[in-house]
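What follows is a single structure, written as structure tokens, with notes after it.
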Amino acid sequence: MHTLLFASQNNLTAETFLNTAARLGLQTNSFNQCLTSAAITNGISQKTTQASRASVTGTPTFFIGVTEPGGQRMKVQVVIVGQRPFDVFKAALDGMLSTNKPSS
């Protein structure tokens, strides 16, 4: 499914999804119910809104930070967007560790 959808990524309509599902021999009735379900659509809309509010511009997106007192929220200090090499994460974490050392 992934490969076929990427091949059609400039034309991702409900019809494209249904045709691709049929082409793969999926249970199209179940697939269509999921595709048109208000609960699923609303869930996706909520997640899209949350991502937009958090300034997510791509996937994957990593938020690196420190938890605030109480542990319910995080103060984001670094945002890394996209597939990045280990060295990018290491540099971000090393930088945070050097600036957030507890005072003695």
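Okay, here's what the table says:
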{"read-out": "Value at 222 nm in deg cm²/dmol, rounded to 500, when DSSP H runs of n ≥ 4 in the chain each add -39,500 (n - 2.57)", "value": "-16000 deg cm²/dmol"}
{"read-out": "Relative contact order computed over the chain (Cα-Cα under 8 Å; 6+ residues apart), in percent", "value": "14"}
{"read-out": "Residue among V79, L97, L12 farthest towards the positive dipole end of the chain, charges placed on Cβ", "value": "L97"}
{"read-out": "FRET efficiency, N11 to L93 (Cβ-Cβ, R0 41 Å, nearest 0.05)", "value": "0.50"}
{"read-out": "Furthest towards positive pole of dipole, A38, M1, I64, structure part the chain, Cβ charges", "value": "I64"}
{"read-out": "Inter-label distance, nm, simple model (7 Å from Cα along the C-beta direction), T36/T61", "value": "3.2"}
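Values in this text are rule-based calculations from the coordinates and carry no lab data. Just so it is clear, the model here is predicted, and its values are computed rather than measured. Virtual Cβ from ideal backbone geometry, glycine too; neighbours counted across all protein chains shown.
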